[in-house]
1. Pull up all non-local amide H partners of B:Ile37: gap of 5 or more, or a different chain, and H-to-H distance under 5 Å with H placed in the peptide plane.
2. Would you mind checking which residues have amide H under 5 Å from B:Trp128's amide H? H placed 1.01 Å from N; only 5 or more apart, or other chain.
3. Using label points projected 7 Å from each Cα along Cα→Cβ, tell me how many nm separate B:Asn179 and A:Asp85, to one decimal.
4. Determine the relative contact order of the range B:52-137: mean sequence separation of Cα pairs under 8 Å and six or more apart, normalised by residue count, in whole percent.
5. Name the residues whose placed amide hydrogens come within less than 5 Å of the amide hydrogen of B:Ile181, ignoring near sequence neighbours (fewer than 5 apart) on the same chain.
6. Using alpha carbons only, how many angstrom separate the centre of the range A:103-121 from the centre of the range B:67-96?
7. Of A:Ser96, A:Ile110, A:Ala79, whose Cα points farthest to the positive end of the dipole of the range A:72-115 (charges on the beta-carbon: +1 Lys, Arg; -1 Asp, Glu; origin at the Cα centre)?
8. Which distance in nm do the two modelled labels at A:Asp107 and B:Tyr141 give, with both placed 7 Å along the Cα-to-Cβ direction?
Amino acid sequence: MIEKKTQQALRLASAAALFAVAGLAQAAGQTVAKDPETGALRAPTAAEAQALQGKAAGGRLSSAASQPRGLLTGKINPAPVYHRDGTVEQELDESSQSFSVAVRKADGTIETACVTGAEAAQAIVKGKKSISKTAKVHAHEHK
Amino acid sequence: MSTNKFFGGKLASGALLIAAGLLGASLQAQAAAVITINNLNAPGEGFNDTTPVAPVGGNTGTTLGEQRLIAFTHAANIWGATLTSSQPIVINARFTNLTCTATSATLGSAGATSIFRNFPNAPKANTWYSYALANKIADAYQGTAGAAQIKANFNAKLGQTGCLDGTFFYLGLDSNKGNNIDFVVTLLHEMGHGVGFQTFTNGSTGVQTVASRPSGIIS
């Protein structure tokens with residue numbers, strides 16, 4: 001009985017270690033597993049790789065849902081992709097997207113501006129920054 | 001997700017193409033540039049909103065979603081007639097809830113989905129080009145097959161209580177917006193960012209988009 005519980009605990013621990021290592025490895029673009037017996041890092045077995053894929057997919061989904069990324073469409077790969085012909089491809093997130101914002105002024109007119117990044121847009125919409133004092137915007141007034 | 005293709009240039013017959021687009025038909029024609037709009041909205045939302053509306057300013061749509069799509073088509077046709085590219089430009093577009101207060105709102109956002117450097121025919125080495133421009137210069141499709149070149153989001157709640165109250169997107173095609181926000185103008189502006197009038201730095205920190213990382217993926 002004790003041996004069975006110990007084995008279960010070891011499995012859970014090794015699974016946790018596997019996912020933790022996988023999390024680190026994903027950032028670097030490769031996946032490794034920590035052997036539950038020796039503790040050494042090695043290539044994951046087929047079963048471990050399958051479990052990792054499921055875990056990773058779930059992790060991405062929950063991560064995406066919990067982050068303020070509602071302005072995005074699709075998934076973002078933060079790492080550049082190097083193609084064999086020398087082309088380098090980089091996906092962009094919302095930090096470099098252009099945002100059009102509009103603010104109603106005291107006289108009732110609408111002032112619009114375009115800023116780069118969700119953070120800059122939020123600052124204007126939430127009143128933390130005024131359009132007139134925002135650098136690098138092109139503003140227009142609508143009457 | 002439905003895909004509507006629109007073609008720039010005077011070959012585009014608005015009503016015909018809109019009807020074809022709404023029916024999901026796939027057409028091909030010779031034009032300055034082909035712009036394909038991927039409608040990412042779910043049924044009943046955004047471009048698919050079935051709220052009945054009266055025609056306005058040359059926009060003959062009979063539902064809110066249809067009028068939004070017609071306005072989008074109008075703007076896409078203007079850009080399509082202006083640009084020249086052998087490669088299609090795909091826009092992932094949707095209406096969604098963006099940040100608002102009663103007196104302010106994010107109208108929309110847009111930009112390239114990806115940037116490229118050192119691609120075939122690139123004029124300058126180690127220099128980032130927006131997706132649509134890279135495709136045009138390379139005269140070939142770069143990156144992942146079927147990927148969109150532009151992503152664009154627009155505020156679904158604009159004008160409603162708590163979202164720049166009472167100021168709506170004007171969906172007419174005649175610039176007669178009154179006190180509202182001209183949606184076609186907003187679209188033209190945002191599409192301009194998407195085709196390359198855009199910085200690739202973080203708007204708040206000024207940090208440049210990653211120039212190189214040793215751990216990139218080899219494709």
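1. Here B:Asn4, B:Lys5, B:Phe6, B:Ile91 satisfy the definition.
2. none
3. 5.5 nm
4. After rounding, I find 19 percent.
5. Result for B:Ile181 returns B:Phe168, B:Phe169, B:Tyr170.
6. 25 Å
7. A:Ile110
8. For the pair A:Asp107/B:Tyr141, the computed spacing is 5.2 nm.
Computed from the coordinates by the stated procedures, all read-outs in this text should not be read as laboratory data. What you see is a predicted model, and the numbers here were worked out from it, not measured in a lab. For neighbour counting, all protein chains shown are included, and Cβ atoms are generated from backbone atoms with ideal geometry for every residue, glycine included.
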